[in-house]
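Asks: Sending over a structure as structure tokens; questions will come in a sec.
The values are calculated or read from the model by the stated rules, or taken from the named source; none is laboratory data. Owing to the predicted nature of the structure, the values given are computational and were not obtained by experimental measurement. All Cβ positions, even for glycine, are placed from backbone atoms using ideal geometry, and neighbour counts span all protein chains on display. These accessible areas exclude ligands, DNA and RNA; they are computed on the full protein's heavy atoms, side chains included. Shrake-Rupley method; radii C 1.70, N 1.55, O 1.52, S 1.80 Å.
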There are 2 protein chains.
Amino acid sequence: MSVHEHKKLLEELGVDVERHAKMMEMGYEGYKNQFMSQTNRPKAMEYFDWFMSEVQGQRIAEINELRKNKKPAIGAFCIFVPEELIVGAGGACFGLCGGSPATIADAETELPRNICPLIKSAYGFKLQKTCAYTQSADFIYGETTCEAKKKTWELLNKHHPVKVMNIPHMKREKDLKMWKEELSEFKEHMEEITKKPLTFEEMKNGVKIVNEKRLALQRLDELRSMNGSDVIPISAKDALFITQISFLDDPVRFTQKLNELCDELEQRVKENNSVYKKDTPRLMVLGTPFALPNWKLHTAVETSGGAIVNEESCIGHRYYKDNVNMEEIKDEDSLMEKLLQKYSSVDCACFTPNTPRIDKILKMYKDRKLDGVIYYSLSFCHTYNVEAKLVTDALEKENIPCLVIESDYSPEDAGQIKTRVEAFLESINFKNMKKN
Amino acid sequence: MSVHEHKKLLEELGVDVERHAKMMEMGYEGYKNQFMSQTNRPKAMEYFDWFMSEVQGQRIAEINELRKNKKPAIGAFCIFVPEELIVGAGGACFGLCGGSPATIADAETELPRNICPLIKSAYGFKLQKTCAYTQSADFIYGETTCEAKKKTWELLNKHHPVKVMNIPHMKREKDLKMWKEELSEFKEHMEEITKKPLTFEEMKNGVKIVNEKRLALQRLDELRSMNGSDVIPISAKDALFITQISFLDDPVRFTQKLNELCDELEQRVKENNSVYKKDTPRLMVLGTPFALPNWKLHTAVETSGGAIVNEESCIGHRYYKDNVNMEEIKDEDSLMEKLLQKYSSVDCACFTPNTPRIDKILKMYKDRKLDGVIYYSLSFCHTYNVEAKLVTDALEKENIPCLVIESDYSPEDAGQIKTRVEAFLESINFKNMKKN
């Protein structure tokens, strides 16, 4: 862990360096125990292990080096933030810390207890000043996808600059028109930081870089679950971790390193080298995001004899499934139009209706030759929680096994989740046995 | 109770008549015990007592008589539904049942447990078919003010026709422009029922009738708490009940009967006839709606020696505080503009930011010479729950005593609420004693 080497910078950022160092050390210990102890890991995971050791060290130094050169550093909580524009401006877009229970008690001094743990965790990191990403953000870019976040921005704004993007909850033509205006407004907010206009060429370059990152993540998805064999060449936890850090790392380096890993995974598929035993049930997780270091569900499944081969999650497939069509970009307006097309393809449960999500889930299930799905919802996330009924009804019609889990970040229910996952896997194994 | 007399009609509406009759009898027993046992009640409460006995009897017959004559009957869950247009068309706009715990277990077969009890209760009434209002609605007019409702419409639509009004969450000029379009769309939905265009004169007449209803409710508010004396001429429960049935009764009759009551209350003020002892602490309740028969908080306060003289609630002041400016109505467009002005003055916590609400609360506190406020939030109502922090911070700055209560409909926490209310009132009495 290199946070100590960057003590001076962290202090300048207002980080509570002692508390931060302790938390990071504990986090890294957790990572080593849960990740580096895995057997038969791809060699190219070394880079990602290194990144974890530098997640609040060198990466923070890199981001602040950009800031020194008047490049924007924008913190986000949602996949609706047009990172293409930030990357185009030569800046850094990063997901803010929000996956740890360690900050929730602090947040609950100002926020209600019964809202989503992700929001509380993130808010607590700001109050504690123990997230160097939050401290490095020129502004936090909030959005209106869920009401607890929407209202929390009003409070968070008292502690850190926050700008809000108004994401509509329907996708009628007039809603999309307003959404496009929000994209342009975002560009203006960023230009206030950089003090110069973002050019069309820069924007196009940003789209290109982020498209390549998404392509690499799509490649990883394909290698995990659609590689023409039943080999699963990488563990669920490793794949999830890679997706988690896709929100933090420099996109060009990340893409290169992920493609190197994918090359190795391709080789593994050819060599029939799976990290799971033959006939391990193949699962997909549906629902809400897994913010770093929320690995609870993946740990429960992997220690119970199951394999997760896809996360239909905001930190997962929902994030990387669509690319921006570059061929039709002629000028700034068409670029914004194509960005809008990409972002409005996100099937967040905040939309009403959100029926394309259900068709997508059924298709994903078939394409990946799965054995079952887990619908995972963060506690008190009303939109995904209510939509669960529509999804599970559709799954039931197709006789697809589904386990619904709602959980916060507390370690208390880990045992209960594991028990439920074990029973679920047993029922799948029994079903598969009868089939064969 | 007259539900038995209307058995045939109720059956035709698809009501589960036996279960319905039992529930209504229990509800009426509860009303008799809690309301009709009060001493020194205004004589004009007789009408409202009668209404309660006919709430799911004669009133349902009246609504269905209108329907026979092709008049619209629209069920609503929110004060954003432009009832002026429904009343103008000669139809009935009514709040749907949603204040009882008796239907929640049924709702939880399809909805998550941890969403607002109002939504679950209302959904359960539909599943049980034990609300004759729901059964009488040509369609239910949902809106997007809260995400649990927004997503529940997708499920409810499988059981009853639902149309959705997209209420924006900001009040920028472009948001208001879209909102105005929603008002026009609503008119079109209604014309689909009536099969004829709603005329400008009809619309204006609807505005006039509903304005008069709101004026009568404003008069009641003034007589409760701004009558120039410390006399409180009507109990909190009676006043709340009147507001609750303002969502159900025929507006012309209701207005007439409420004005008769107000005449009597005026007389009481002159005669120094208060229903509370001298120096009873005067409280205001802030927050979320009290749907019939949710009287839990009012009962707790009144049996603990306190008086509630205003509900800053959707079933309360937020509903009747603004009237539609008729003087500036020249044509349909200006009518819609004035309707928009009225509805966009609603300071629901769904808006971001919603700062005018705080200034209003401070003004209401002073105008009514209050001793304290109770911030009441239905469980899992994220918007009001998060906004509570902003409100209580503002109250604290002004040294205004505030008690925050979050509760669902279960009777289980009634004792705990009473204990907290008692302690709160004691602290207010102590403060007042020191002041004198």
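Asks: Name every residue in the stretch A:396-434 that is within 14 Å of chain B (Cβ to nearest Cβ), in contact (Cβ under 8 Å) with a residue 12 or more places away in the chain and either open to solvent by less than 50 Å² (accessible area, probe 1.4 Å) or part of a helix (DSSP H, G or I) (or both), in order of residue number.
Replies: A:405, A:407
Asks: Go through the stretch A:375-395 and give me each residue that's away from chain B (no Cβ under 12 Å) and out of contact with any Gly (no Cβ under 8 Å at 6 or more places or on another chain).
Replies: Within the stretch A:375-395, the subset away from chain B (no Cβ under 12 Å) is A:376, A:394-395.
Within the stretch A:375-395, A:394, A:395 meet the criteria.
Asks: Among the residues of the stretch B:328-343 satisfying the criterion of being modelled with pLDDT of 95 or more and part of a loop (DSSP other than H, G, I, E, B), which is most open to solvent (accessible area, probe 1.4 Å)?
Replies: B:330
Asks: Just name the residue that is nearest to residue B:391 (Cα to Cα) out of those in the stretch A:160-174 that are facing another protein chain (nearest Cβ under 8 Å) and touching a residue at least 40 places away in the same chain (Cβ under 8 Å).
Replies: Taking the candidates together, the pick is A:169.
Asks: Further question: Residues of the stretch A:116-148 being touching a His at 6+ places or on another chain (Cβ under 9 Å) and assigned to a helix (DSSP H, G or I), which ones?
Replies: The answer is A:123, A:126, A:127, A:128, A:132, A:134, A:135, A:147, A:148.
Asks: Out of everything in the stretch B:175-198 that is within 18 Å of residue B:337 (Cβ to Cβ) and open to solvent by 50 Å² or more (accessible area, probe 1.4 Å), what residue ends up being nearest to the other protein chains (Cβ to nearest Cβ)?
Replies: The initial filter retains those residues of the stretch B:175-198 that are within 18 Å of residue B:337 (Cβ to Cβ), namely B:175-188, B:198.
Then drop every residue that is not open to solvent by 50 Å² or more (accessible area, probe 1.4 Å), which leaves B:177, B:181, B:185, B:188.
Values: B:177: 9, B:181: 8, B:185: 11, B:188: 15 Å.
Out of the qualifying residues, it is B:181.
Asks: Answer with yes or no whether residue A:277 is basic (Lys, Arg), more than 30 Å from residue A:358 (Cβ to Cβ) and part of a loop (DSSP other than H, G, I, E, B).
Replies: Working: basic (Lys, Arg): yes; more than 30 Å from residue A:358 (Cβ to Cβ): yes; part of a loop (DSSP other than H, G, I, E, B): yes.
Yes: the conditions hold for residue A:277.
Asks: Restricting attention to the stretch B:195-209, does a residue exist that is assigned to a helix (DSSP H, G or I), of a type in the set (Val, Ile, Thr), within 30 Å of residue B:262 (Cβ to Cβ) and modelled with pLDDT of 95 or more?
Replies: Among the residues of the stretch B:195-209, at least one is assigned to a helix (DSSP H, G or I), of a type in the set (Val, Ile, Thr), within 30 Å of residue B:262 (Cβ to Cβ) and modelled with pLDDT of 95 or more, which makes the answer yes.
Asks: In the stretch B:344-374, which residue that is open to solvent by less than 10 Å² (accessible area, probe 1.4 Å) and aliphatic (A, V, I, L, M) is nearest to the other protein chains (Cβ to nearest Cβ)?
Replies: Across the stretch B:344-374, the extreme among qualifying residues is B:349.
Asks: In the stretch B:132-159, how many residues are surrounded by fewer than 19 Cβ atoms within 10 Å (Cβ to Cβ) and more than 11 Å from chain A (Cβ to nearest Cβ)?
Replies: Summing the residues that are surrounded by fewer than 19 Cβ atoms within 10 Å (Cβ to Cβ) and more than 11 Å from chain A (Cβ to nearest Cβ) in the stretch B:132-159 gives 2.
Asks: Quick check on residue B:318: is it assigned to a helix (DSSP H, G or I), more than 14 Å from chain A (Cβ to nearest Cβ) and surrounded by fewer than 23 Cβ atoms within 10 Å (Cβ to Cβ)?
Replies: yes
Asks: Here is a further query. Against the condition touching a strand residue (DSSP E or B) at 6+ places or on another chain (Cβ under 8 Å), open to solvent by 30 Å² or more (accessible area, probe 1.4 Å) and in contact (Cβ under 8 Å) with a residue 12 or more places away in the chain, how does residue B:296 come out, does it pass?
Replies: In short, yes.
Asks: Could I ask something else about it? Considering only residues that are open to solvent by less than 20 Å² (accessible area, probe 1.4 Å) and of a type in the set (S, T, N, Q), look in the stretch A:60-112 and name the one that is farthest from the other protein chains (Cβ to nearest Cβ).
Replies: Restricting to residues being open to solvent by less than 20 Å² (accessible area, probe 1.4 Å) and of a type in the set (S, T, N, Q), the top hit is A:64.
Asks: Which count do you get for residues in the stretch B:113-130 that are away from chain A (no Cβ under 13 Å) and surrounded by fewer than 21 Cβ atoms within 10 Å (Cβ to Cβ)?
Replies: 2
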